[in-house]
Amino acid sequence: MPMPFGWFQVAWSDEIPAGEARKAHYFGRHLALWRDEHGTAHTWDAFCPHMGAHLAIRSTVEGDCLRCALHRWQFDAEGRCVDIPYSDRLNRKAKVRTYPTVERNGMVFAWYHPDELEPQWDLPGFDELEPGHGFSEVFRRHYRLGCHWQEIAETQVDAAHIQAHLLEYQIAMNDGKPLDRPPMPQVDSYDTDGPVARIRITQGFPTPQGEVEGRIDTDVWGPGLAATWFTGLVDTLLIGCATPVDDGACELRFNFVVRSTGDAESTSSLGKAFIDEIHERTVEDVELWENKAYVTTPALAHGDGPIMQYRRWCEQFYPGGVDRSRDVWEPEVTPELTPS
């Protein structure tokens, strides 16, 4: 599977202070992330078209322009050269590739398309992540993975994998002793509308006091943003953002909030416990994701979930299509170092 196109989180807002720039590497490209003096975030290709200086290294933010540190050429918000301090003529061909960039709920997103097409859908906002809406502070997690984003995304419809996690969760909640096997998640519906997919799952959560009926409902906007509501046990909203680094690696950012219990300390403690559990399961999944093969036509069983339907939905984000020339795509082998 090649690099997908879409909106992708490239930073949290507070990672790019006003008047500063920072290095990044996504979409198989070196990038410069910077915020102008008016507070607008920008995502650019990293290298100055003049002599190749990295525009996030010692560059100067001047209003809504960025001045390269190596020869002091200045570029406006659209990446056009607007000043060469030692020349009375501008080089009109000197233009930096820029990426449409928006901010939502403390997250900075950039639009990537290999053919530089304009954004084809908008991103939602989430009131739950803002103060005063009855939820906790935002908890964050950040993971770097040596796998394709779709390996992670398919978990959203993989009912059998969800059940496996619930079994691990119930053992942890019962001092290491397994209870009855948790019920299989029931996929109530799977619907798509262009770049948006919606998965509705009924799930019983096992507890030492008995089963609690709950739900796991997910809305997905393209390959880069998914909102999952866990309700019934601890009402939690998880905003998951997967961003391709290159064809075989990605980053995963989690933003969590839990519904307030009326007591700030209790809410924070409850949220942290639930989120730590999801974090532990994610860390375990990383090893699986990084070492699994991609089976083009998997041997599925009843109850696995709408995996093939989800894969067909994903294909719209690959402009060049996908390669089905092999039955199994094995992961690349990384030689392990032998201690000296």
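The values are calculated or read from the model by the stated rules, or taken from the named source; none is laboratory data. Computed from a predicted model, the values in this text were never measured in an experiment. Please note: Cβ atoms are built from the backbone with ideal geometry, for glycine as well, and neighbour counts cover all protein chains shown.
Would you mind stating whether Gly28 is touching a residue at least 60 places away in the same chain (Cβ under 8 Å) and touching a helix residue (DSSP H, G or I) at 6+ places or on another chain (Cβ under 7 Å)?
On the way: touching a residue at least 60 places away in the same chain (Cβ under 8 Å): yes; touching a helix residue (DSSP H, G or I) at 6+ places or on another chain (Cβ under 7 Å): no.
For Gly28, the condition - touching a residue at least 60 places away in the same chain (Cβ under 8 Å) and touching a helix residue (DSSP H, G or I) at 6+ places or on another chain (Cβ under 7 Å) - is not met.
What are the residues in segment 131-149 that are under 19 Å from the mean Cα position of the chain (by Cα) and surrounded by fewer than 17 Cβ atoms within 10 Å (Cβ to Cβ), if any?
Kept after step one, since they are under 19 Å from the mean Cα position of the chain (by Cα), are these residues of segment 131-149: 138-149.
Residues satisfying the conditions are Arg140, His142, Arg144, Gly146.
Between residues in segment 192-204 that are touching a residue at least 24 places away in the same chain (Cβ under 8 Å) and within 11 Å of Gly214 (Cα to Cα) and residues that are small (Gly, Ala, Ser) and part of a strand (DSSP E or B), which pairs lie under 6 Å by C-beta distance while being six or more apart or on different chains?
What qualifies is Gln203/Gly214.
Looking for whichever is buried (at least 16 other Cβ atoms within 10 Å of the Cβ) and over 16 Å from Val102 (Cα atoms) here; the options are Met1, Met51. Which one fits? First the steps, then the outcome.
Details: Met51 fails: buried (at least 16 other Cβ atoms within 10 Å of the Cβ).
Of the residues listed, the single one that is buried (at least 16 other Cβ atoms within 10 Å of the Cβ) and over 16 Å from Val102 (Cα atoms) is Met1.
Output yes when any residue across segment 272-284 is at pLDDT 90 or above, under 26 Å from Gln186 (Cα atoms) and of a type outside the set (Ser, Thr, Tyr), and no when none is.
Our first condition is that a residue be at pLDDT 90 or above; within segment 272-284, this holds for none.
No, segment 272-284 contains no residue that is at pLDDT 90 or above, under 26 Å from Gln186 (Cα atoms) and of a type outside the set (Ser, Thr, Tyr).
Considering Val286, Val322, which residue is in contact with a strand residue (DSSP E or B) (Cβ under 7 Å, 6 or more places away or on another chain) and surrounded by 12 or more Cβ atoms within 10 Å (Cβ to Cβ)? Talk me through it step by step, then tell me what you get.
Details: Val322 fails: in contact with a strand residue (DSSP E or B) (Cβ under 7 Å, 6 or more places away or on another chain).
Only one candidate passes the filter, namely Val286.
When you scan segment 250-262, do you find a residue that is farther than 25 Å from Met1 by Cα and surrounded by fewer than 12 Cβ atoms within 10 Å (Cβ to Cβ), even just one? Spell out the reasoning first.
From segment 250-262, those farther than 25 Å from Met1 by Cα are 255-262; that's our starting set.
Going one step further and asking which of them are surrounded by fewer than 12 Cβ atoms within 10 Å (Cβ to Cβ), we end up with 262.
Yes: segment 250-262 contains one or more residues that are farther than 25 Å from Met1 by Cα and surrounded by fewer than 12 Cβ atoms within 10 Å (Cβ to Cβ).
Output the residues belonging to segment 109-130 that are charged (D, E, K, R) and either part of a loop (DSSP other than H, G, I, E, B) or under 15 Å from the mean Cα position of the chain (by Cα) (or both). Please lay out each step first, then the result.
First, pick out the residues of segment 109-130 that are charged (D, E, K, R): 115-116, 118, 122, 127-128, 130.
Correct list: Asp115, Glu116, Glu118, Asp122, Glu130.
In segment 263-282, is there at least one residue being in contact with a Ser or Thr (Cβ under 9 Å, 6 or more places away or on another chain), assigned by TED's automatic domain parsing to the domain that holds Gly214, buried (at least 16 other Cβ atoms within 10 Å of the Cβ) and outside any helix (DSSP H, G or I)?
no
Among strands (runs of 3 or more DSSP E) lying entirely in segment 1-42, which contain 1 or more residues that are over 17 Å from the mean Cα position of the chain (by Cα)? Outline the logic, then answer.
Working: elements: 6-12, 21-26, 29-35.
In segment 1-42, 21-26, 29-35 are the strands (runs of 3 or more DSSP E) which contain 1 or more residues that are over 17 Å from the mean Cα position of the chain (by Cα).
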